[in-house]
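The block underneath contains the structure these notes are about, expressed in structure tokens.
Just so it is clear, none of the values below were taken in a lab; they were calculated from the coordinates. Only a predicted model underlies this, so the values are computations on that prediction, with no experimental measurement involved. When we count neighbours, we look across all protein chains shown, and the Cβ atoms used for this are built from the backbone with ideal geometry, even at glycine.
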Amino acid sequence: MEIAVISGKGGTGKTSITASFATLGGDVVLADCDVDAANMYLLFNPVHDEESVFVSGHKAVIDYDLCTSCALCMNYCRFDAISEDRGRIVISEISCDGCFLCSRICPEKAITMVPDDKSRMYSGSFRKGRMVYGRLAPGEENSGKLVNAVREKAKQTAAQYGLETIIIDGPPGIGCPVISTISGVDRVVIVTEATRSALSDMERAVEVVRKFSIPAFVIINKFDLNESMSKEIEEWCAGNNVVVAGRLPFDRQITEAMIESKSINEYNPESETGKKLRVIWNKIVS
Amino acid sequence: MFRIAVASGKGGTGKTFVAVNIFQSLIKSGLDAVLVDCDAEAPNAAAFFTKKLTGTIAVTQLVPVIDESKCVYCAKCHEYCNYNSIFILPPVKIIKVIVDLCHGCGACSVACNYGAISEKPDSLGTVSLFSEKDRVSIIESRMDIGVMSAVPVIKAAIKQIDPGTGIAILDSPPGTSCPFIETVATADFVILVTEPTPFGLSDLRQSVETLRSIDKPSGVIINRAGLGNNAVRDYVDRQEIPLLMEIPFSKKTAEIYSEGKILAGTDPAFAGSLVSMVQNIIKDHGNSSYKR
């Protein structure tokens, strides 16, 4: 079974809750698909036995020995990435989308496409099974391709090691990497918190999940920071046929556990949060 | 104009909280400011204010439309497309555009030698303008659900900033990938909001390294101070990054925010410290004004 945990809004406690799920039962494959801010390894210190280069895209580079400054490329580029600076054609690395069009149309063949090869994917073992995670190099396009690569590797690993459960820590937002994280999974867990902003982001996340017809479960974290807001979230869920799997209190022990590199269920399994998470997990996998 | 981006590697550290409070404090103290919500995947800043919606701009990209009566199934467009958005089976004469994968680069139209490809606009999102006294004060980027990249909508929102405005506050998307770079690249200074936890530190480190690689000056606000440990403070000291402010953790602050209210509206001391923080940043970095 593949279970993805997402949040819409960042910082709702998604990674801490995912870590708790990973330590509640038997061995699992844990896939960190929050490739922009992959933090799960901080809790589990995996020993990685495999590292692979991930090419996230390409960037256009001009060979100035060949460039005649005809500016044809500039006219074709739809990403405002090419400009002219005192007679010299310049390509902005930040704006280049890597579409290859300029390199194809350049009459002097002065443009080459250079692969972005600084991102990495790792796999290895941790105390509760196997772990696969990606790290996207800063500024590279998080197109969801690395997420797909991590999930593919997680599936292979599950088959290879005979592990039945894959738990995925997803990225925030609702864009391409989120879509790649949830497509084809068996369950989606949306971690929200009792704030107006989180509700608005959760509504958008639920809409994305709907497009895939996957059963979704909402967890309201830090519900006691604003109980009336929490009620409003529950009402929204009831009105939109979304299952609320549980509510968790604000708990400093989550941060304490993180500092000790542990999940809350390893740090203090008998705490209120620990016990509630066990109930929530059983509800999700049943 | 001076542009300040408020960013964070990690989500949920209080980036929007800081951005809306700075904006509110600047306005209240009579300064000319605009707030730009660049977190197009999860835009929340405008909801804190009751300003009038005075305009919307549809953000679109051009996607291909194939005229099958002219298509000879040569597959050149498929070959030119770097995003796998043209699906073609020449032996059975099937060709389909997968609009969700298209980046609107136009390569397929250039590739086609038979005039079989025309283009139509496809919606990516909306830029909304909120005004007060006939002057745009909040610009919000909002990506459509199901769209892959927020970058075009963010770009369109940034384009709406009136260069005559005194200070622009950009609420940046989380992370350090494209949407973040697109936002901070246009700023004169970046405020990184973090929290004193191992996750906060790890993501702060990545943001600092990214900003250094593009030579962007930055400073740090530690939010929810007192909640975790001292590792973030030690890191900021060691790296000689200006520590702009520490906002202590308080349930009251969290509650005010959770209701969609602005702390600086009821806490003049907090508002005052935000205004002087911004004034100091401008004093130190005012000459490095961004030009494009």
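Overview of results
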quantity: Convex hull projection area averaged over all views, region A:57-116, Cα basis, nm²; calculated: 3.6
quantity: Peptide-level mean, for B:73-82, of C-beta atoms on other protein chains within 10 Å; calculated: 2
quantity: Between region B:149-165 and region A:170-205, the Cα center-to-center distance that results, in Å; calculated: 25
quantity: Separation between Cα centres of region A:1-15 and region B:75-132, rounded to whole Å; calculated: 32
quantity: Disulfide-incompatible cysteines by the Cβ rule (no partner under 4.7 Å) in chain A; calculated: A:CYS33, A:CYS67, A:CYS70, A:CYS77, A:CYS96, A:CYS106, A:CYS176, A:CYS237
quantity: Neighbourhood charge, 13 Å Cβ-Cβ cut-off, centred on B:GLN206 and excluding it, Lys, Arg +1 and Asp, Glu -1; calculated: 0
quantity: Value of relative contact order over chain A, rounded to a whole percent, pairs C-alpha under 8 Å and six or more apart; calculated: 27
quantity: Choice from A:ASP65, A:ASP27, A:ASP80 showing the highest fluctuation, given a GNM over chain A with Cα pairs closer than 10 Å; calculated: A:ASP65
quantity: Paired Rg and Dmax values of the protein assembly as shown, which use every Cα atom, in angstrom; calculated: 23.9, 73
quantity: Relative contact order for chain B, counting Cα pairs under 8 Å that sit 6 or more residues apart, in percent; calculated: 28
quantity: Charge context of A:LYS109, other residues only, Cβ under 13 angstrom, K/R +1, D/E -1; calculated: -2
quantity: Packing-based exposure ordering (other Cβ within 10 Å, fewest first) of A:LYS145, B:LYS252, B:LYS76; calculated: B:LYS252, B:LYS76, A:LYS145
quantity: Overall form of region B:60-123 per C-alpha gyration tensor (a/c, 1.5; a/b vs b/c); calculated: prolate
quantity: GluC sites (Glu not before Pro) within region B:67-156: DSSP coil, no more than 15 neighbouring Cβ in 10 Å; calculated: B:GLU68
quantity: Cysteines in chain B lacking a second Cys C-beta under 4.7 Å; calculated: B:CYS38, B:CYS71, B:CYS74, B:CYS81, B:CYS102, B:CYS112, B:CYS178
quantity: Charged-residue dipole, Cβ positions (Lys, Arg, Asp, Glu), region B:1-79 about Cα centre, Debye nearest 20; calculated: 380
quantity: Orientation-averaged projected area, Cα convex hull of chain A (nm²); calculated: 17.5
quantity: Greater than 24 Å apart at Cα, pairs in B:LYS28/B:LYS51; A:LYS211/B:LYS159; A:LYS222/A:LYS283; A:LYS276/B:LYS10; calculated: A:LYS211/B:LYS159; A:LYS276/B:LYS10
quantity: Sorted by Cβ density within 10 Å, fewest first, the residues A:MET131, B:MET245; calculated: B:MET245, A:MET131
quantity: Sum of -39500 (n - 2.57) over DSSP H runs of 4+, divided by residues of the protein assembly as shown (222 nm, nearest 500); calculated: -9500 deg cm²/dmol
quantity: Gaussian network model of chain A, springs between alpha carbon atoms under 10 Å - residue of A:PRO171, A:PRO249, A:PRO46 with greatest fluctuation; calculated: A:PRO249
quantity: Surrounding net charge for A:ILE89, when Lys and Arg each add one and Asp and Glu each subtract one, Cβ distance under 12 Å; calculated: -2
quantity: Likely footprinting exposure, A:VAL90, B:VAL97, A:VAL5, fewest C-beta neighbours within 10 Å first; calculated: A:VAL90, B:VAL97, A:VAL5
quantity: Projected area, mean over directions - chain B, Cα convex hull, nm²; calculated: 17.8
